[in-house]
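Some notes on the structure that comes next.
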Amino acid sequence: MGTVSESVPFSELIQHPRETTLRLDEAETLRLVRRNQPDLMLATVERAERDAEVFDITTRLLVGIIAQEPSREVLRSSLMGVFAWTRFLPADEVDEFLTELVDVARASAEIRNLRPVAQVVVEWQHTAEIHADAELYRRLTREHSTEDDFEPVEVPIEPGEEDE
């Protein structure tokens, strides 16, 4: 195989489907660029199955390594090597992130859906962002009193609803 990915306008797939899909012989994926919409990715089933298998193997390998019970320091250090932002998390939360990441990755590998893994990473990254900002952390974790103003909030209007 040639390149890993190639970009083509979505209209090219519509206008020349056979010629466009034949490009998958040279590129492993085709990025279909669309105007005003998210791009799409076109790949062969073989590629998708191979990627899922690699994810499954990687997950099982990670679970196997953790089952050997390496020291928490080794696990934290490894995690920080992959996710530098974990340096902002307290040690117990790094451990919690690692546990959740492995558990969700195992379940995701079984159903061949990576979205839950990405969601776990995003959520923990946001948690690290809060810990990295002392003022934000203070505001979000402070005790609330009865004097705090928690008045009703207007329901946001969806774009285009105001015209109705």
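Note on region 57-164: enclosed helices (runs of 4 or more DSSP H) holding 1 or more residues that are aromatic (F, W, Y) and free of Cβ contacts under 8 Å to residues at least 12 places away in the same chain are 134-141.
Residues in region 106-130 that are of a type in the set (S, T, N, Q) and modelled with pLDDT of 95 or more: Q119, Q125, T127.
Screening P70 against (1) at pLDDT 85 or above; (2) surrounded by 11 or more Cβ atoms within 10 Å (Cβ to Cβ); (3) out of contact with any helix residue (DSSP H, G or I) (no Cβ under 7 Å at 6 or more places or on another chain) leaves a single unmet condition, (1). Looking only at residues of region 50-67 that are over 19 Å from the mean Cα position of the chain (by Cα) and loosely packed, with under 12 Cβ neighbours inside 10 Å, we find that the one that is nearest to E96 (Cα to Cα) is A67.
Inside region 24-48, residues that are surrounded by 12 or more Cβ atoms within 10 Å (Cβ to Cβ) and assigned to a helix (DSSP H, G or I) make up a count of 3. Report whether or not T141 is over 30 Å from V45 (Cα atoms) and polar (S, T, N, Q). When the stated conditions are applied, T141 passes them. Only a single item in (1) at pLDDT below 95; (2) over 20 Å from the mean Cα position of the chain (by Cα); (3) of a type in the set (D, E) is not met by D133, and it is number (1).
The values are calculated or read from the model by the stated rules, or taken from the named source; none is laboratory data. Please read these numbers as outputs of a predicted model, since none were measured by experiment. Cβ atoms come from the backbone with ideal geometry, glycine included; neighbour counts cover every protein chain shown.
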